[in-house]
Amino acid sequence: MIGLPANRLFCLVLLFLFVPAAVCGAPVTRTLSTAEPGAGEVFEVSLSIDGIALGGVVETLPAGYAFAGTDHPDDRVLVRGQKIGFTVMDDTAITYSVTAPASGSGDIAGTWEDFLGETDGEVAASHVAVDGIETAAESGGEKPAAQEAAPQFAVVAAAAALLIAGWGGRR
Amino acid sequence: MNRWYLLALLLVLAVPASAAEGIPGDADADGTLTRAEYASAALAYLDAAYMNGAGELDRDGIRDAAWVYARWDGKPREVVDSTGRTVTLYRPLRRVVTFSGESLETLRSLGFDMDKIIAVDKYSHEKSIFFPECREKVNVGSIWSPDMEKVLSVRPDTVILYATISTAACDDIQKRLEASSPGIRVLRFDCFKPATYAGEIRTIASIIDETERGEEFASFYGSTMDRIRDGTAGIPDDEKTRVYFEYWFDYTTVAASAGYNEKTELAGGKNPFAVGTTEYPVVDPEAIIVADPQVVVKLAGQGLAIGGYAGHDPAALAAIRSALFERPGWSRISAVKDDRVHVIHSDILGGAQHFIGTAYLAKWFYPDRFADLDPHAVHQRYLTEFQGIDFDLASQGTFAYP
């Protein structure tokens with residue numbers, strides 16, 4: 001550890017701890033146009049798909065939230081209650097719309113399968129809450145908000161660590 | 001439970017797993033899985049698997065459909081095995097039983113997912129150093145004594161047998177499988193013959209959709225064999241190196257019909273005993289002295305269980321060689337006088353690795369012509385690059401001496 005300041009080392013440790021958790025992982029990731037829609041507002045859910053030639057994604061919406069449409073071809077979409085199934089055929093993105101209820105919060109959960117790669121996994125849950133208001137009944141048993149914020153926190157922490165590391169180096 | 005009832009029950013259980021003819025998801029059964037059919041099948045699968053709906057295909061079914069759609073252009077794949085029989089594949093290989101260690105080894109060379117090998121022959125099962133992943137697999141016996149109950153109990157979709165050796169035994173297994181479970185695909189390959197191995201590599205690679213890897217491996221194999229063929233081409237018959245090749249047992253040699261003779265001749269050797277119909281004839285000790293071989297090759301292996309992958313014991317091979325020097329009258333043989341007596345293990349001469357052993361033979365027969373050929377390096381590359389096993393020839397195994 002020649003000439004490596006302690007604060008810089010600490011920041012690098014932070015970087016190694018958080019960046020892999022934030023950037024590595026599932027071939028399917030989800031982003032929301034908003035995590036705090038207004039009552040009855042239609043918001044967009046985008047699934048980014050990396051490396052699945054033939055497979056499928058099944059999304060599960062929280063109670064009260066309703067599927068409102070998608071840009072995915074009709075013959076490759078199936079809606080059954082709160083679940084929406086999409087077949088993946090060389091797609092890199094799927095976007096669908098959801099109508100928020102008058103109130104309520106919960107997680108959008110997802111599962112993916114890569115039929116050719118013979119692998120499967122979960123799409124990290126995305127938390128939504130009408131007007132940002134948590135409703136205990138609907139989010140009961142789901143992951144705490146702090147845990148949901150982990151990916152965003154990881155990115156912020158990593159960026160901060162990089163900045164501080166650079167600062168430490170200059171000193 | 002009565003043994004016959006048990007077998008009958010196994011037959012009934014085995015059929016549904018394997019007998020499904022036709023491409024999974026091919027709704028109109030016209031022999032082509034179209035984009036729309038595949039999409040519909042995939043959606044039905046997701047519905048059944050995750051959405052409390054109904055669908056015909058299970059997870060293996062949709063994975064097979066995806067394979068056929070993506071890799072076989074939605075059509076069945078027809079392959080011609082080494083018996084000349086055309087086999088139509090509607091699904092990829094998923095649950096394979098192999099009675100041939102050579103085919104098993106070739107599948108591994110081609111990067112086949114060894115988890116999909118669900119049972120192996122007893123010899124491969126015993127080779128725990130070379131086939132460590134087979135230790136826990138089901139042992140189905142040998143082609144001469146197959147355990148058909150076990151074969152059926154593992155519900156294979158494919159069984160691999162030899163093509164041109166032990167044909168009666170392999171024919172019998174095939175007939176029993178076809179009679180009981182017509183959906184089980186029987187494929188027959190040798191994977192040990194220089195004349196056909198390169199073609200078999202490509203055919204098997206095509207079956208498992210590893211054509212690029214197949215070309216790479218066939219090229220690696222072919223480069224060694226071509227080097228040997230080119231190096232011995234044009235040597236007049238009367239200038240070829242006279243070789244006495246001794247089988248595992250003393251004074252037992254190999255005749256024209258034996259595979260070891262083929263490799264001896266490929267390496268440019270002239271076998272004075274390559275006559276007659278017996279594969280492994282016993283020779284008169286005096287006849288060997290009269291033939292005056294320039295090189296003597298002694299085979300170690302199953303009948304002379306020393307060395308190979310199972311043991312690092314150069315001293316044992318050296319002892320075998322020393323014993324040859326002590327044989328009555330052998331001091332008059334050119335090979336002994338010129339110190340050209342060698343021991344080779346059947347692991348690298350008798351099966352899929354015959355190209356490695358043949359390279360050793362060529363180098364022993366014509367050291368000048370093959371000065372740049374390094375069989376040891378070829379062997380290590382094969383193990384590391386194609387077999388993918390952690391085996392260091394510097395400290396493990398004994399295959400050739402000196």
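The values are calculated or read from the model by the stated rules, or taken from the named source; none is laboratory data. Keep in mind it's a predicted model, so treat the numbers as computed, not measured. Cβ sites come from the backbone with ideal geometry, for glycine too, and all protein chains shown count toward neighbours.
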**Item:** Tally of residues being in contact with a Pro (Cβ under 9 Å, 6 or more places away or on another chain) and not in a helix (DSSP H, G or I) across the range B:342-375
**Value:** 2
**Message:** If I filter the range B:77-97 down to residues being free of Cβ contacts under 8 Å to residues at least 24 places away in the same chain and not β-branched (V, I, T), which single residue comes out as farthest from the other protein chains (Cβ to nearest Cβ)?
**Reply:** B:G84
**Prompt:** Would you pick out the residues in the range A:53-85 that are among the small types (G, A, S) and within 12 Å of chain B (Cβ to nearest Cβ)?
**Reply:** A:A53, A:G55, A:G56, A:G81, A:G85
**Prompt:** If we only count strands (runs of 3 or more DSSP E) wholly inside the range B:146-256, which ones have 3 or more residues that are under 18 Å from the mean Cα position of the chain (by Cα) and either surrounded by 17 or more Cβ atoms within 10 Å (Cβ to Cβ) or not assigned by TED's automatic domain parsing to the domain that holds B:I333 (or both)?
**Reply:** B:158-161, B:185-188
**Asked** Do the conditions hold for B:I356, that is, is it under 28 Å from B:R229 (Cα atoms), buried (at least 21 other Cβ atoms within 10 Å of the Cβ), of a type outside the set (F, W, Y) and over 25 Å from the mean Cα position of the chain (by Cα)?
**Response** no
**Filtered residues of the range B:25-76 (kept if within 10 Å of another protein chain (Cβ to nearest Cβ), among the charged types (D, E, K, R) and more than 15 Å from A:V77 (Cα to Cα))** = B:R59, B:D60, B:R63, B:D64, B:R71
**Prompt:** Scanning for something exposed (fewer than 15 other Cβ atoms within 10 Å of the Cβ) and within 14 Å of chain B (Cβ to nearest Cβ), does the range A:93-115 turn up at least one residue?
**Reply:** no
**Request:** Look at B:S100 and say whether it is out of contact with any helix residue (DSSP H, G or I) (no Cβ under 8 Å at 6 or more places or on another chain), under 24 Å from B:A168 (Cβ atoms), touching a residue at least 24 places away in the same chain (Cβ under 8 Å) and crowded, with 21+ Cβ neighbours inside 10 Å.
**Result:** yes
**Fill in**
Here the residues within the range A:53-88 that are touching a residue at least 60 places away in the same chain (Cβ under 8 Å) and closer than 14 Å to A:E122 by Cα are A:G55, A:V57, A:E59
